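Everything on this sheet refers to the single structure shown next.
The values are calculated or read from the model by the stated rules, or taken from the named source; none is laboratory data. Only a predicted model underlies this, so the values are computations on that prediction, with no experimental measurement involved. Because the Cβ atoms are built from the backbone with ideal geometry, glycine has one as well, and the counts that use them run over all protein chains shown.
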Amino acid sequence: MLGNPVSHSLSPLIQNTALARLEKDGLVYLATEIPRGKISEVIKTLPCLGAVGANVTVPYKLQALEACDVLSERAKAIGAVNILSFRQGQIFGDNSDGVGWLRALPDGWLKEDCDLRVLVLGAGGASRAVVATLLAWGCPEVIVLNRTAKRAEQLVSEMESRVLDGTHLACAGLEEFWELLQPGCLVVQTTSVGLDRRASPVSLSGSWPKGANFSELIYGEPTPMAKWVSERGGGVQDGLPMLIHQAAESLSVWLDIPVESVPVDEMLRAARMFLAS
Ligand code: ATR
């Protein structure tokens with residue numbers, strides 16, 4: 001794992017748990033803090049050190065994309081890389097953030113319902129992964145709500161070419177959240193607000209509509225918004241299952257094994273035990 005900072009990362013625990021269960025004794029997963037300006041150099045050096053691949057995290061997902069020789073369709077769609085694979089002298093870039101989020105979502109939250117409206121809070125890197133995945137899935141309506149209007153407009157305009165017939169993609173301000181929220185909506189919280197467990201990206205008052213669900217990408221102790229929704233009977237999921245599923249997809253790419261053979265339950269258990277300790 002290449003990022004800055006990485007000291008908080010659960011990825012080494014999750015990945016080494018899976019590697020042990022899969023009996024890949026010759027492989028170890030490490031997290032390394034890469035100094036600013038050094039990421040391209042490090043990526044180009046890793047194959048010489050015998051690395052099979054790497055994950056890339058904040059703030060290097062865009063620079064990693066530029067260092068790749070070949071990109072997967074989903075990396076192109078998201079516009080960022082979180083998986084690097086080193087094969088036959090080439091650097092392959094892929095992205096498992098979107099598929100990880102989708103696989104982690106509880107059954108029935110993304111229903112083939114012609115009225116389904118998804119509100120995505122935030123327009124940063126995590127939002128791009130979620131929006132690109134929703135568009136590829138054929139979601140009927142996706143609205144990106146962001147503090148800075150320009151950033152949401154930019155995301156929507158970049159994704160426009162990927163909008164399938166029958167999908168409505170739009171943007172709005174965070175202050176429009178309560179007007180746009182409807183019964184049965186799916187709300188995906190991708191901003192960094194709430195990491196401190198104090199703030200919420202939208203004001204919290206009133207009631208939560210029937211059948212609306214809340215997918216929070218921050219993991220661990222519930223954020224104020226997740227707590228608030230849960231207290232009002234809404235379905236809530238935190239970001240830990242997404243973290244596990246994007247890790248599982250990374251392993252399946254590096255080891256060239258079906259993702260179904262990756263021990264996700266064990267990885268999730270190890271992460272939950274660590275967070276509870
Ligand atoms: P990531 O790659 O994790 O998504 P990012 O690209 O830095 O991180 O994006 C952070 C997101 O959180 C952005 O949507 C940002 O909104 P702006 O585009 O307006 O900066 C949002 N965000 C961060 N702090 C915020 C705050 N205090 N209130 C509302 N949104 C905030």
It is to be established whether one or more residues within the range 99-112 are modelled with pLDDT of 95 or more and within 16 Å of the ligand (Cβ to nearest atom).
yes
Going through the range 149-204 one residue at a time, which ones are within 13 Å of the ligand (Cβ to nearest atom), of a type in the set (Ser, Thr, Tyr) and over 16 Å from SER127 (Cβ atoms)?
SER200, SER203
Just name the residue that is farthest from the ligand (Cβ to nearest atom) out of those in the range 215-249 that are under 16 Å from ARG103 (Cβ atoms) and among the hydrophobic types (A, V, I, L, M, F, W, C).
ALA248
I'm checking my understanding of the structure. Among residues of the range 28-41 that are surrounded by fewer than 18 Cβ atoms within 10 Å (Cβ to Cβ) and hydrophobic (A, V, I, L, M, F, W, C), which one is farthest from LEU255 (Cα to Cα)?
LEU30
For the range 224-247, how many residues are within 17 Å of the chain's Cα centre (by Cα) and in a loop (DSSP other than H, G, I, E, B)?
2
How many residues of the range 115-148 are closer than 16 Å to ALA80 by Cα, hydrophobic (A, V, I, L, M, F, W, C) and within 9 Å of the ligand (Cβ to nearest atom)? The answer is 3
List the residue pairs whose Cβ atoms are under 6 Å apart, where the first residue sits in the range 141-152 and is more than 12 Å from VAL187 (Cα to Cα) and hydrophobic (A, V, I, L, M, F, W, C), the second is near the ligand (Cβ under 8 Å from one of its atoms) and in a strand (DSSP E or B), and the two are 6 or more positions apart or on different chains.
ALA152/ASN146
Residues that are β-branched (Val, Ile, Thr) and within 13 Å of the chain's Cα centre (by Cα), drawn from the range 86-133:
VAL99, VAL120, VAL130, VAL131, THR133
Scanning the range 159-192 residue by residue, those aliphatic (A, V, I, L, M) and out of contact with any strand residue (DSSP E or B) (no Cβ under 8 Å at 6 or more places or on another chain) turn out to be LEU164
Residues of the range 102-138 classified as of a type in the set (A, V, I, L, M, F, W, C), more than 22 Å from VAL259 (Cβ to Cβ) and not in a helix (DSSP H, G or I), total:
7
Sole exception among (1) in contact (Cβ under 8 Å) with a residue 12 or more places away in the chain; (2) loosely packed, with under 13 Cβ neighbours inside 10 Å; (3) in a helix (DSSP H, G or I) for SER250, by number
(2)
